[in-house]
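One structure below.
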Amino acid sequence: MLQGILAVIFGYLLGSIPSAYIMCKVRKGIDIREVDVRNMGAVSTFRQCGIWEGAVVAIVDVGKGAAAVLVAKYIGVDYLFVLAAGFAAMLGHNFPFSIGFRGGQGVSTIMGVFFVLAPQ
């Protein structure tokens, strides 16, 4: 039970990494939350920072969801906690605590979750 709760917390923390914010701030010096549609996602990064940056953000966002589920599966928690860890990664992406709970839409992150869970 404790491992399952820790897997969910890990999923949220992993999802909370603001990849679009970091990429745009480092590469272009802009705050992605203040331009375009005020959405921190791969599409906004593509529009504001470029195709390379948008592609990297998309891959990282997919990886966040996949990694949360893979870690939960690896530590051997119940399947419900595996699903919860993936959902928590999406919530972390949508509502990251580190930058005021304003994140993306979670599409890429939940795709990563589904990519790992689909083969079952």
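Computed from the coordinates by the stated procedures, all read-outs in this text should not be read as laboratory data. Since the model is a prediction, treat every value here as computed from it, not as a measurement. FYI the Cβ positions are ideal-geometry reconstructions off the backbone, even for glycines, and counts take in every protein chain you see.
Points worth noting:
- About the Cα centre, charge dipole magnitude for the chain (Lys/Arg +1, Asp/Glu -1 at Cβ), debye: 200
- Tilt relative to the chain, helix 79-94 - C-alpha long axis, 0 to 90 degrees, to 10: 10
- Computed over segment 2-117: relative contact order in percent, which uses C-alpha pairs under 8 Å that are six or more apart: 37
- Among 55, 68, 88, the largest mean-square fluctuation in a Gaussian network model of the chain, built with springs joining Cα atoms closer than 10 Å, belongs to 55.
- Segment 66-91 and segment 1-16: distance between their alpha carbon centers, rounded to Å: 7
- Between 0 and 90°, nearest 10: helix 107-117 axis offset from the chain longest Cα axis: 30
- Expected 222 nm ellipticity per residue - DSSP helices of 4 or more, -39500 (n - 2.57), all of the chain, to 500: -22000 deg cm²/dmol
- For the chain, with +1 on Lys and Arg beta carbons and -1 on Asp and Glu, the positive-most of 4, 99, 82 along the dipole: 99
- Altogether, the Stokes-Einstein calculation at 25 °C and 0.890 mPa s, with the Kirkwood radius of segment 2-117 over Cα pairs as Rh, returns a diffusion coefficient of 179 µm²/s.
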